[in-house]
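One structure is given here, and the rest of the page talks about it.
The values are calculated or read from the model by the stated rules, or taken from the named source; none is laboratory data. Treat the numbers as computed from the prediction; the structure is a model and nothing was measured. Backbone-built Cβ (ideal geometry, glycine too); neighbour counts: all protein chains shown. The accessibility values were calculated without ligands, DNA or RNA, using every heavy atom of the protein model including side chains. Shrake-Rupley method; radii C 1.70, N 1.55, O 1.52, S 1.80 Å.
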Amino acid sequence: MPRHLLTGEELTGEEVIALVDRALELKAAPLSSRALDGKSVALMFERPSTRTRVSFEVGVVELGGHPVVLGADELQISRGESLADTGRVLAGHVSAVGLRTGADERLEELASESSVPVFNMLTAGHHPCQALADLVTLKETFGRLEGLKLVYVGDGNNVARSLAVVGGLAGVDVVIASPEGFAIDPVGGATLTDDPIEAVAGADAIYTDVWVSMGDEETAAERRAALGPYRIDDALLDLAQPEAVALHCLPAHPGEEITPEVLYGERQRIWDQAENRRHAQKAMLELLCGAA
Ligand code: CP
């Protein structure tokens, strides 16, 4: 059976910590690994992407591999071929397959018939590669993960869920503050609350994401009304630890979930997070493809 990365729950705590350390090694020496020498990796996108697409495509090349980037519109999936059959075919050519899609069931269908590793490049429920990159950013900033307090404020979405799962595995104290109706179900040992002010006390990092994610456009007005008190601004950061940093998975809507002063200011590590996607994913590909 191949190893898949669908939710992050497939990893042990030791593996998450090792992946973070390996990512930082790869960041220091980006061309030091040839783990994908002579191998190809399929990257399938059924939803738009900037960071995930570029970081995976460049990361595969840096590992000596060949990325095959596939848009859903150009595949026979668009004419009704199943994901399971697509997975069977891809496995005859490539060493791993990534998918960005909507329903988690589509990723599970792909993985169910794939004889090569399948990894999640974002689904409605999970974004584990983002969470791994976020842990890399925390380790890079604070020199440790164990015992850090990471507070996510805002929409209880795929990013919040993956932070709870993957952060919890690494020993991070994850708190998710979301308004009623926008909370995640309990997962990964995270503390759930609806009070952002109380939540950020003692925080080492405060994290947010857009209020209207892909697929949520119909409820945009309701979301903006409910999530207004969960914006990251300097006043919220002032309630956290003196050295606390702001995080955001991007893309951002400056002035909505985060102020421009924070997004482009001195108290954020957001642009490092975006770069760390590549290093974290390279470490993950080494693990899934058997080179680690
Ligand atoms: N954070 C993230 O997944 O960015 P993209 O949607 O641009 O890939």
So what's the angle, to the nearest 10 degrees on a 0 to 90 scale, between helix 128-142 and the longest Cα principal axis of the chain? 50
Counting only protein heavy atoms and leaving out ligands, DNA and RNA, the solvent-accessible surface of V61 at a 1.4 Å probe, in Å² to the nearest 10, equals 80
Accessible-area value, D195, 1.4 Å probe, nucleic acids and ligands omitted, Å²: 50
Helix 270-288 vs. the chain, principal-axis angle (Cα, 0 to 90°, nearest 10): 40
Can you list residues whose amide H is under 5 Å from Q268's amide H, if they're 5+ apart or on another chain and H is modeled 1.01 Å from N? A246
Going by amide H atoms built from the backbone, whose H comes under 5 Å of the H on G65, apart from near neighbours? L36
Would you look at the GNM of the chain, springs on alpha carbons closer than 10 Å, and say which of P254, P179, P117 moves the most? P254
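P179: net charge of surrounding residues, Cβ under 13 Å, Lys/Arg +1, Asp/Glu -1, itself excluded?
Details: positive: R223, R224, R231; negative: D155, E180, D194, D195, E222, E257.
Around P179, the charge tally is -3.
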Using θ = phi - 60° and the Karplus curve 6.51 cos²θ - 1.76 cosθ + 1.60, what whole-Hz ³J(HN,Hα) does each residue of segment 247-258 get, with Gly and Pro shown as x? 10, 7, 6, 6, x, 9, 10, x, x, 9, 6, 8
Could you list, bin by bin from short to long, the percent of Cα-Cα pairs of segment 130-274 in 5 Å steps? 2, 11, 23, 26, 23, 12, 4, 1, 0
Compute the angle between helix 13-28 and the longest alpha-carbon principal axis of the chain, please, reported from 0 to 90 degrees and rounded to the nearest 10. 80
The answer for the net charge of residues other than I197 whose Cβ lies under 13 angstrom from its Cβ, with Lys and Arg +1 and Asp and Glu -1, is -4
Lysines near K139 by alpha-carbon distance under 25 Å, same-chain residues fewer than 8 away left out - which ones? K27, K149, K282
Amide H of Y207: which non-local residues (sequence gap of 5 or more, or other chain) have their own amide H closer than 5 Å, using H built in the peptide plane? V151, Y152, V153, L247
Along segment 103-118, what does the Karplus equation 6.51 cos²θ - 1.76 cosθ + 1.60 (θ = phi - 60°) give for ³J(HN,Hα), rounded to whole Hz, x for Gly and Pro? 5, 4, 4, 5, 5, 5, 5, 4, 5, 4, 10, 8, 8, 10, x, 10
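What's the carbon and sulfur percent of segment 73-211's accessible surface, probe 1.4 angstrom, rounded to a whole number?
Details: 2210 of 4830 Å².
Summing carbon and sulfur atoms, their accessible area is 46 percent of the total for segment 73-211.
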Among A252, G143, L19, the residue whose Cα sits farthest towards the positive end of the charge dipole of the chain (+1 at Cβ of Lys and Arg, -1 at Cβ of Asp and Glu, taken about the Cα centre) is L19
Cα principal axis extents for the chain, largest first, Å: 53, 42, 31
Can you bin every Cα-Cα distance in segment 10-87 into 5 Å intervals starting at zero and give me the percent of pairs per bin, rounded to whole numbers? 3, 13, 17, 18, 20, 15, 8, 5, 1
